[in-house]
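Asks: Can you read through this structure? Questions will come right after.
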Amino acid sequence: MPRPAHKTIQLTIDGREVEAVEGAMLVDAAKQGDVEIPYFCYEPKLGSPVGACRMCLVEIEGIPKLQTSCSTPVKDGMIVHTQTERVRHAQNAVVEFLLINHPLDCPVCDKGGECPLQDISFGWGLGRSRMIEPKRHFEKPLALSPLVAIDRERCILCYRCVRFSQEIAEDYQLIFAERGSETYVATHDGHPYVAPFSGNIIELCPVGALTSQPYRFRARPWDIEGAGGVCTLCPAQCNVTFTVRDDRVMRVLARDNPGVDDGWLCDKGRFAYQAIHVDERITRPLVRDGGELREVSWERALATAAGLARHKGHTGALAGGQATNEEGFLLARLMREGLDSTDIDSRTGVGVGAATLRALSDPRLQASVPDLEFAHTVLLVGVEPLDDAPILDLRIRKGVRRNGVKLAIVSARPSALDPNAALRHRHAPGAEASVLTELAAALAGEDRPGRSEDTAALAGLLRDGGEDVVIVWSERIGAEAAAALARVASLLELDGRDGAGLLEVPCGANGRGLREAGVRPDAGPGLASLEGDAVGRDAPGIARAAADGELTALYLLQTDPVRDQPDRALWEKALHTATLVVAHASVLTEGLREHATVIFPAESHAEKEGTIVHPDGRLQRQRIAIARPDEVRPGWAVLAELASRTGVQTEARRSADVFAELAAAVPFYAGLTLEEIGGRGVRWPEREASLAAAAEASAAQASAAEAPDGRRLSPAEPLLPREGELRLGTFRPIWAAPECEISPALKFLIPEQQVELAPSDADWLGIAHGDEVTVAQNGTRIKARAFVRSTVPPGSAFLAAGLRGEQSANTLTEPLIEVRRA
Amino acid sequence: MRTILFENIDEPGLNTLEVYERRGGYRALRKALSMSSDEVLSELMDSGLRGRGGAGFQMGRKVSFLPHGDMEKYLVCNADESEPGTFKDRELMQKSPHMLIEGIMIAAYAGEIGRAFIYIRGEYQLQADILEAAIAEAERAGYIGQDILGTGLNVPLVLHRGAGAYICGEETGLLDSLEGKRGNPRLKPPFPAIEGLYHGPTLINNVETLSTVPAIINMGAAEYAKIGTETSTGTKLVSISGDVKRPGNYEIELGIPSREIIYGLAGGPPSGREVKFWFPGGSSSPVLTRDDLDVPYDFDSLAKAGTMLGSGAIIVADESRRVLDTALKLAKFYAHESCGKCVPCREGTRWTHKMLERICTGEATPMDLDIMASVQEQIIGNCLCVLGDAMAMPIGSMVKKFRSELEADIEAARVRAEGAPAADVVALGVADEFAGPLPVH
Amino acid sequence: MTGGRDSVPRFEHGSRVPGWDEAVDLTKDPAVVPDPATTPVPAELRAEIEAAMAKYPDRRSAAIPALHAAQAVHGYCSPAAIDQVATVMRLTPAYLTSVATFYDMLETAPRPPHDDIFVCTNISCSLLGADELFDAMIRAAGTDETLHVRSFECLGACDIAPMASVNGEYIGPLEPADAERIVDDLRAGRPVLPEKQIRYRRSVDPGAGTSHAAGERATEFGVPAATPRADTAGLDPADAAADRPGPAAPLEYPAEENEDA
């Protein structure tokens, strides 16, 4: 879909010639001429202006009435006055009206000092009130949710928060109730406003009416500093500003980057900073001594970990999503050069093979995040943006709402985006490969008996709905499905087309960066192909080998496989059997608590320095916002130390040195510097130098790489459930993260296991919504609560993975389950 | 003078298709359909018919603003007659619903519109029931719906009942309400003719305006334009109420002296009392006094007199009435009906209401009248829609025209409340500068 | 809602809006679009809402008709009623709460199924004694929960001022003494004050402008006493209660009234 073209025009504001983009709102254009027009309700991110606050009235020559500059698009030759008596009279009037019922509690208001109402009253008000009637006084503050407090006395009804709920998050839980001067912000029947993006309303509020429960009264604007950073709690990698007071993160605000997050944050990103400053945080090295983990000196911990040298060729390593590129790169060197081990992975479960992945991550085939907003069609395959990369959910909604993007969803489980979708294709859990193969056949015009109407409709939409197609997918769909996806992409000719392409959401926050740094068993830095003995085991292979005693040591860089990987029992056994388990962690999750030999305290995302790669290929910098607490040391430094103790040659003295080594090792990072990445990041698929290097590298590898071929695939049909059984689908809820579990403010969101069932299946099983049920297979059983949803396709049932303890879905390993009332 | 809208109005069964047709009903629709839509449009333009809802905008021009081309366009009949004092549309819909339906169809044809709605206020249950039955009849007879009179035109007409909100009479508030939302007015531009209902171009007209359309087609625009004055053509229904002997709806030719309506038709105040003040165009028009009785009753003359014709509703108060009581009712009404979207209206109406209450309870001083006048000036022209102005203009005019009476009321209420003469303003500790109105452009 | 005998409670600082002082109940789940699998809806209500939705290009347009229908079933727009509408309309309950609280005719305060008595107290009616009428009405209704007396803004019938709308039936001009009669008629299930119903009222002066003679028939205020009861809605007053509109079949005037006309 073509993006709007920008034409520059001239207008006059207060006698100054101003250049502006045609169609821009006057209030924005005025800023170009250094003219400030005050406003409260205007916020372009929230969609079309509402003109409710009336603060931005200006005089435009040729129009008799004063106009709201927030809703007046500029035209060439327009002559605008913002300083006339008439305008001043209107501004004074609005300020007076706003203040007649606004309490004068600025000294005890959290917003004080960073409050637009304060600033505008000072700048554009008369500084007096003629109202002698009593102001409204009410109970304050009241809870709007466990995260947000509401003070209705202070509210100026600017519409920002309700518009966010209604038009951005589209959860439509926050509303105006009643009418006129009795209007107030409310929810239905006293339900709390709990939604994945609810925290954004705090930042939007131009007065102190909506405040953050965790931040209330923790600091004053003059006590704090802002530090730019990146949230690495999920692959969306939203840009944030940490509010820092005395080396503690007090809150997290959005740092608007249109290429990444559009200025919004999810509640996990906004509130899980609490996990940085809790007692559960590991801040000193731990070593298991007599079965107990004990705090020890760094020297002792490093010495113990250096014992890895005795496991050369028998060490497996896993890196979690929060590891930086530098850490991943050093881990790969430690493994491959220092420990002669090839068993290293950063994926969850069985990922996509290197050959297919190389084809799918061809830079000419990469879509960017803004492409989601302007595509003709967006296809989601096996990915639930709300859980996997929440901020993309908002971007997709924006595209559908504003630009009429057609959304197609191919998934087993009902998606939060279903109501926005033009087409929904539900399949059996695990059947992605057969759906995509069928889709490819339909696109190729092949005749296949028994093709479903859904597939034909989907093919029609993708083929005829406009050429800019963006496919968002997850590596969880598996190797076969990925190969079929490559064929779909080639049939749709997405290659090299601006505004179209693929966008993979990896399982780990920095999944893409770790892969590019060489944290894979089958590829080196830059996805360089490996051959023969150089190819190691993938994550499930590592688990099996460790459980069988073939691998005797495990290195866990910010991951707990018992929690993060499928097949919990196998990993328990693997960790139990391994004689040396070295881990970097900030929280003691269950696998580490039971089995780790050495634990190095890991940095939080506010303490780390390094680079990460966004799913769309954008390298971003993490910077140090606060000092590392207690004895925490940088992860890269620990890895470098261990590497040099095992004989790896590294000159790294700073994180930047490691990045330089990495940039030298990865062809498509050619010439990249930290300065170039800067505060907004840089998409390497858009860099000339990177593209040239990537093309050269791929030509060199052409012979080695086996081109993926969807045609020869004929994936197995999904298993038909046997009598009395349901197909099992799993998903990882947004809140299933250790950081949420230890953040006091987010604890209420931690999901308990529930099994999502279709009403017909629930009927037939005699299960009612909310019943306690047992989910069983092969003698394994977990407890859950029945959650009857009419959108769940009959025959399937869904359970959450990533939860704490045995109730998590990774306890189950088979595709079919029995559900019974407990 | 001629009767157009009220011709046969009390004929039994005029609300049925049979009687309406017998009286020449739907002939205009047939005639219009035999013309091109551009011809119908130019008839509407030439008739000079001005909107009867309040703003007085030329109806034909409004239709001509609709963009041409293949798109969903809508016609919405504004039957949310809520302006205090106004009840003409009620009578039309109750007694001659088919005239309205016929007018809607002709206007839809002129604007090449494919879907029509009537938004009727929820309180008009009888009228809504009658209209619904008439719509069903007209649909069966092929006047609306699919393939109208065999022409292949499709214009479904749906009656939509409101639920009690004055602001839904404001055209964009009405659109939001019809879309199933709170009836908050929208920013203009875009005007409804460009982007209205469901984002489509939308023509919005009042019941009386649309009911006049069949007559214009029947008699021809030129003939119609001869009635009334040059800039206010045609006849107008005037709802007159309050202190008059014969309250009700009268069809007048625009331009006759106001005195003729108030005294001639409605019989003037009962018991020989004199008119004290009157609203010429619903409660939102600035009040006139007995000195203004000879102002011709048409759009331009009333504008010249500093007020407006509005919806054509005259409310008369005789000399036995206190201005204060009416002002209080008025402010209370507008504060209650303000939608709350924009600041000056939401806060200004409430504040004005509180000030007037304070006058009644004897807690005010004459200074409050200055503040009140200033607050009205702060509202006028600064709001999102006209509701704020609708209170500020009449209240402002009352304070201006009846200041000495209001001062006397303030004093009397103070004495009643305190049992003593008023304290000096300065003694209240309020500096003089607070009393002055804010500078105005 | 402009007050009334049992209008929402007033707070000492001048607000009458109960919600202002209320926190949410943190034990509740967020109010998302209810799942039809877990929110049963009476079949008739569902059918009515679905029929309303079918009339519009956008289903949300049916919000007001749907809430009206639910209010008729539940007595007011209770949280349960709103949940049911939300289930059928596939909207969040909050959307509907927002709409329901905006409009005067949609009630959100608990109330059993009831008769609505709206007394107009706007300018024209109050000039002619509406406030006294309202007081009389309140007294006449007493503590009967099934009679809901409200003062209302202009109902658009200033020609019969002071007036009231009883279950949608406009009656006037009224005197305070009529209040008892209204209550009696309602309790007895009779048509309310048929001789004062607007459906039977002639236009005050159909020939306005052509003949001022009609003026001769006027009494001091209000309806000319000599005006015959012209059932222009097409119903005989006698079976007005049977079914209200039914205008498809025209009724002839009774002979003697015809002559009069």
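Asks: What number, in percent, do you get for the relative contact order of chain B if the mean sequence gap of Cα pairs under 8 Å and at least 6 apart is divided by its residue count? If you can, show how the numbers build up before the last one.
Replies: Values: 884 pairs, mean separation 66.9, N = 441.
Relative contact order of chain B: 15 percent.
Asks: Tell me whether the protein assembly as shown comes out rounded, prolate or oblate; compute the Cα gyration tensor, take square roots of the eigenvalues as a ≥ b ≥ c, and use a/c under 1.5 as the rounded threshold.
Replies: Numbers: a/c = 2.28, a/b = 1.93, b/c = 1.18.
Prolate, since a/c reaches 1.5 and a/b exceeds b/c.
Asks: Still on this structure, please answer the following. Find the centroid of the Cα atoms in segment A:377-395 and in segment C:11-90, then give the distance between the two in whole Å.
Replies: 30
Asks: If a/c stays under 1.5 just call it rounded; otherwise compare a/b with b/c (prolate if a/b is bigger, oblate if not). Do that for chain B, with a ≥ b ≥ c from the square roots of the Cα gyration tensor eigenvalues. Walk me through the intermediate numbers first.
Replies: On the way: a/c = 2.36, a/b = 1.80, b/c = 1.31.
Note, shape of chain B comes out prolate.
Asks: Something else: Could you work out the relative contact order of segment A:730-822, using alpha carbon pairs under 8 angstrom and six or more residues apart, expressed as a whole percent? It would help to have the intermediate numbers written out before the result.
Replies: On the way: 170 pairs, mean separation 34.0, N = 93.
With pairs under 8 Å counted, the relative contact order is 37 percent.
Asks: At residue A:76 and residue A:6, where each label point lies 7 Å from the Cα along Cα→Cβ, what is the point-to-point distance in nanometres?
Replies: Between residue A:76 and residue A:6, the simple spin-label model gives 1.8 nm.
Asks: On to the next question. Could you please rank B:3, B:16, B:86, A:579, placing first whichever residue has the fewest other Cβ atoms within 10 Å of its Cβ?
Replies: Details: B:3 18, B:16 23, B:86 31, A:579 14.
Exposure proxy ranking, most exposed first: A:579, B:3, B:16, B:86.
Asks: Run the reach check for residue A:398 against lysines, Cα to Cα strictly under 19 Å, same-chain hits fewer than 8 apart removed. What comes back?
Replies: A:45, A:406
Asks: Also, I was wondering about something else. Quickly estimate the mean residue ellipticity at 222 nm for the protein assembly as shown, helices only: each DSSP H run with n ≥ 4 gives -39500 (n - 2.57), and the total goes over all residues, rounded to 500. Don't jump to the answer; show the numbers that get you there.
Replies: Numbers: 50 runs with 474 residues, N = 1524.
Calculated from helices alone, the mean residue ellipticity at 222 nm is -9000 deg cm²/dmol.
Asks: Here's a follow-up. Taking chain B as a Gaussian network, Cα atoms linked when under 10 Å apart, which of B:105, B:59, B:35 shows the biggest mean-square fluctuation?
Replies: Fluctuation is largest for B:35.
Asks: Quick one: Cα centre-to-centre distance for segment B:223-296 and segment B:64-81, in angstrom?
Replies: Taking the Cα centre of segment B:64-81 as reference, the centre of segment B:223-296 is 31 Å away.
Asks: Then there's this: Which pairs, out of B:332/B:354; B:62/B:341; A:31/A:75; A:75/B:62; B:245/B:332, put more than 19 Å between their alpha-carbon atoms? Present the calculation step by step, with values, prior to reporting the outcome.
Replies: Details: B:332/B:354 9 Å; B:62/B:341 26 Å; A:31/A:75 16 Å; A:75/B:62 24 Å; B:245/B:332 27 Å.
Among B:332/B:354; B:62/B:341; A:31/A:75; A:75/B:62; B:245/B:332, the Cα-Cα distance tops 19 Å for B:62/B:341; A:75/B:62; B:245/B:332.
Asks: Report, in whole Å, the centroid distance computed from the Cα atoms of segment A:307-337 and segment A:400-455.
Replies: 39
Asks: By DSSP, what percent of the beta bridges with both residues in chain A are antiparallel, rounded to the nearest 5? Intermediate values should be presented prior to the final figure.
Replies: Details: 60 of 108 bridges.
If I count the DSSP bridges inside chain A, around 55 percent turn out antiparallel.
Asks: Report the relative contact order of segment A:186-294, percent, no decimals, based on alpha-carbon pairs under 8 angstrom and at least 6 residues apart.
Replies: Working: 131 pairs, mean separation 22.8, N = 109.
Reported as a whole number, the value is 21 percent.
Asks: Then there's this: Too long at a 21 Å Cα-Cα cut-off: which of A:140/A:268; B:95/B:226; B:73/B:188; B:181/C:55; B:88/B:400? It would help to have the intermediate numbers written out before the result.
Replies: Values: A:140/A:268 26 Å; B:95/B:226 27 Å; B:73/B:188 18 Å; B:181/C:55 16 Å; B:88/B:400 30 Å.
Exceeds cut-off: A:140/A:268; B:95/B:226; B:88/B:400.
Asks: Further question: How would you classify segment B:308-388 from its alpha-carbon gyration tensor, with a ≥ b ≥ c the square roots of the eigenvalues: rounded for a/c under 1.5, else prolate if a/b is greater than b/c, otherwise oblate?
Replies: Details: a/c = 1.84, a/b = 1.10, b/c = 1.67.
The shape class here is oblate.
Just so you know, all these numbers are worked out from the coordinates, no wet-lab data involved. Keep in mind it's a predicted model, so treat the numbers as computed, not measured. Backbone-built Cβ (ideal geometry, glycine too); neighbour counts: all protein chains shown.
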